[in-house]
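Report on the structure given below.
The values are calculated or read from the model by the stated rules, or taken from the named source; none is laboratory data. All values derive from a computational prediction rather than experimental measurement. Note that we place each Cβ from the backbone using ideal geometry, even for glycine, and neighbour counts take in every protein chain shown. Protein only, heavy atoms only, side chains kept; ligands, DNA and RNA dropped before computing areas. Shrake-Rupley method; radii C 1.70, N 1.55, O 1.52, S 1.80 Å.
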Amino acid sequence: DNHDIISLKLYQLTVERTPEEEKRDREVFLPVVDNLKLPGMEAPLEPMSGLALFLIVFFSLVALVFAIVIGIILYNKWQEQNRKHFY
C-alpha cells in the first residue's frame with residue numbers, strides 16, 4: 001500500500017532549552033502549513049431548498065406506492081396460477 005505522510009510532529013524530551021532557544025526554535029515545535037487542503041475536506045454542501053426536498057420525498061412516495069401496487073398484482077397472479085383446479 002502507498003501512504004502519503006501529510007505532517008509529522010516530533011518531540012525531543014531529553015533536551016533542556018533556554019528561553020532564547022525556545023523563541024528561535026519555535027517553528028520546530030509548532031509547524032505551520034499555509035493553504036493546506038487535505039483530500040476529502042471539501043466545503044460542506046449547501047442544504048437543499050424546500051422545493052427540492054419536497055419533490056424528492058413526493059417522487060419517492062409515488063415510486064413506493066407504484067412498487068407496492070405492482071407487488072400486489074404479481075402476488076395475485078401467482079396465487080391464481082398456484083390454485084388447485086378441480087375439473
(request) Working only within the range 41-75, note down all residues that are open to solvent by 90 Å² or more (accessible area, probe 1.4 Å), assigned to a loop (DSSP other than H, G, I, E, B) and either touching a residue at least 40 places away in the same chain (Cβ under 8 Å) or over 30 Å from ILE6 (Cα atoms) (or both). (result) PRO47, MET48
(message) Here is a check on your reading of the model: is LEU8 at pLDDT 80 or above and open to solvent by 100 Å² or more (accessible area, probe 1.4 Å)?
(response) yes
(request) Assess whether ASN35 counts as being open to solvent by 90 Å² or more (accessible area, probe 1.4 Å) and modelled with pLDDT under 80. (result) yes
